[in-house]
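*Asks:* Just passing along the structure, written as structure tokens.
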Amino acid sequence: MKEKPVLTAAEAVRCVRDGMTVMVGGFLGCGSPCGLLAALDAQGTRNMRLVCNDTALCSADRSVVSGVAPLVVGRRFSRIVTSHIGTNRETGRQMEAGETPVELVPQGTLAERIRAAGAGLGGVLTPTGVGTEVEEGKQVLEVEGKKYLLELPLFADVALLKARRADRAGNLVYAKAARNFNPLMAMAAGTVIVEADEIVEIGEIDPDTVMTPSLFVHILVRSGS
């Protein structure tokens, strides 16, 4: 089994360029790759399209920020696709001011659209949003008398993910709820960069505990590097 390159966070995010679509794992910071996000912020990459569950935490006075919030504050995204912005005042302000388009997607639908991309599906049918603003501009299909929205797959150029443990081949194990969106996003991006708390030798992870196989991982980063 071939080893994946182990880089510093700054080295790893060099492949993230202006205008790319970037997926970021995590749920209100739980399972978010903080080191990679800090390196991306420092790099200054702009005009990215962000796909994430939420835009993390940013208080009104910006004294408390976490996850992707510093990049939102820095206006690094040209568009945000997410399910929740209520804990980030700056995302809401930018959306209401028309400064940054924000596509709000029901959380389950967001997960399924990402999964559809990874599975090679043309989309998913869901009743969520039928008859609401979510339906606008989307194809409505009727199956056995019930209406469904056709939700299209979401792909990314790069996924930035967080794992508890990785071996040098890129097999991943996540910590409890930090599993959230990370496994789905690993399947839906052209390049997958993983920040891991611990990187071990090949064979040290029980295959039965692997949550994302090495096939989907391209670059490893040790947390704190």
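*Asks:* Out of curiosity, is ALA177 assigned to a strand (DSSP E or B), in contact with a strand residue (DSSP E or B) (Cβ under 6 Å, 6 or more places away or on another chain) and in contact (Cβ under 8 Å) with a residue 12 or more places away in the chain?
*Replies:* Answer is no for this residue.
*Asks:* What residue, of GLY120, GLY92, is surrounded by fewer than 21 Cβ atoms within 10 Å (Cβ to Cβ), without any contact (Cβ under 8 Å) to a residue 12 or more places away in the chain, out of contact with any Phe, Trp or Tyr (no Cβ under 7 Å at 6 or more places or on another chain) and under 15 Å from LEU154 (Cα atoms)?
*Replies:* Within the list GLY120, GLY92, the selection yields GLY120.
*Asks:* Sticking with this structure for a sec: Please give the strands (runs of 3 or more DSSP E) falling wholly within segment 56-131 in which 1 or more residues are at pLDDT 95 or above, under 19 Å from the mean Cα position of the chain (by Cα) and acidic (Asp, Glu).
*Replies:* It comes to 102-104.
*Asks:* ILE202 is checked against (1) modelled with pLDDT of 95 or more; (2) in a helix (DSSP H, G or I) and fails just one. What number does that condition carry?
*Replies:* Of everything listed in (1) modelled with pLDDT of 95 or more; (2) in a helix (DSSP H, G or I), ILE202 misses just condition (2).
*Asks:* Sticking with this structure for a sec: Considering each residue of segment 40-55, count those that are within 18 Å of LEU161 (Cα to Cα) and in a loop (DSSP other than H, G, I, E, B), and give that number.
*Replies:* The number of residues fulfilling the criteria is 3.
*Asks:* Also, I was wondering about something else. Within segment 132-160, can you find the residues that are assigned to a loop (DSSP other than H, G, I, E, B), of a type in the set (Asp, Glu) and either modelled with pLDDT under 95 or surrounded by 14 or more Cβ atoms within 10 Å (Cβ to Cβ) (or both)?
*Replies:* Taking segment 132-160 as the starting set, the residues that turn out to be assigned to a loop (DSSP other than H, G, I, E, B) are 132, 136-139, 144-145, 152-155.
Filter once more, so that each one left must be of a type in the set (Asp, Glu): 136, 144.
Selection gives GLU136 alone.
*Asks:* I need every pair where a residue in segment 43-56 that is of a type in the set (Ser, Thr, Tyr) has its Cβ under 7 Å from the Cβ of a residue that is surrounded by fewer than 23 Cβ atoms within 10 Å (Cβ to Cβ) and not in a strand (DSSP E or B), sequence separation at least 6 or different chains.
*Replies:* THR45/VAL16; THR45/ARG17; THR45/ASP18; THR45/ARG76; THR55/ILE85
*Asks:* Same structure again: If you go through segment 1-37, how many residues are basic (Lys, Arg), over 27 Å from ALA177 (Cα atoms) and modelled with pLDDT of 95 or more? Full working, then the answer.
*Replies:* In the first step, residues of segment 1-37 are kept if they are basic (Lys, Arg); the result is 2, 4, 14, 17.
Checking the rest, the ones that are also over 27 Å from ALA177 (Cα atoms) come to 2, 14, 17.
Then keep just the ones that are modelled with pLDDT of 95 or more; that gives 14, 17.
Adding up the residues that qualify gives 2.
*Asks:* If you scan segment 196-225, which residues turn out to be in contact with a Ser or Thr (Cβ under 9 Å, 6 or more places away or on another chain), buried (at least 20 other Cβ atoms within 10 Å of the Cβ) and free of Cβ contacts under 8 Å to residues at least 60 places away in the same chain?
*Replies:* Matches in segment 196-225: ALA196 only.
*Asks:* Right, something else. Contact list please: Cβ distance under 6 Å, first residue in segment 1-27 and over 21 Å from GLY224 (Cα atoms), second residue in a strand (DSSP E or B) and of a type outside the set (A, V, I, L, M, F, W, C), pairs at least six apart or on different chains.
*Replies:* MET20/ASP157; THR21/ARG49; THR21/ASP157
*Asks:* Kindly provide the set of residues from segment 70-80 that are out of contact with any Gly (no Cβ under 9 Å at 6 or more places or on another chain) and surrounded by 21 or more Cβ atoms within 10 Å (Cβ to Cβ), ordered by number.
*Replies:* Those that are out of contact with any Gly (no Cβ under 9 Å at 6 or more places or on another chain) and surrounded by 21 or more Cβ atoms within 10 Å (Cβ to Cβ): LEU71, VAL72, PHE77, ILE80.
*Asks:* From (1) surrounded by fewer than 20 Cβ atoms within 10 Å (Cβ to Cβ); (2) at positive phi; (3) touching a Phe, Trp or Tyr at 6+ places or on another chain (Cβ under 9 Å), pick out the condition that doesn't hold for GLY170.
*Replies:* Only one criterion is unmet by GLY170, namely (1).
The values are calculated or read from the model by the stated rules, or taken from the named source; none is laboratory data. For clarity, every value in this text was computed on a predicted model and none was experimentally measured. Note: ideal-geometry Cβ built from the backbone for every residue, glycine included; neighbour counts use all protein chains shown.
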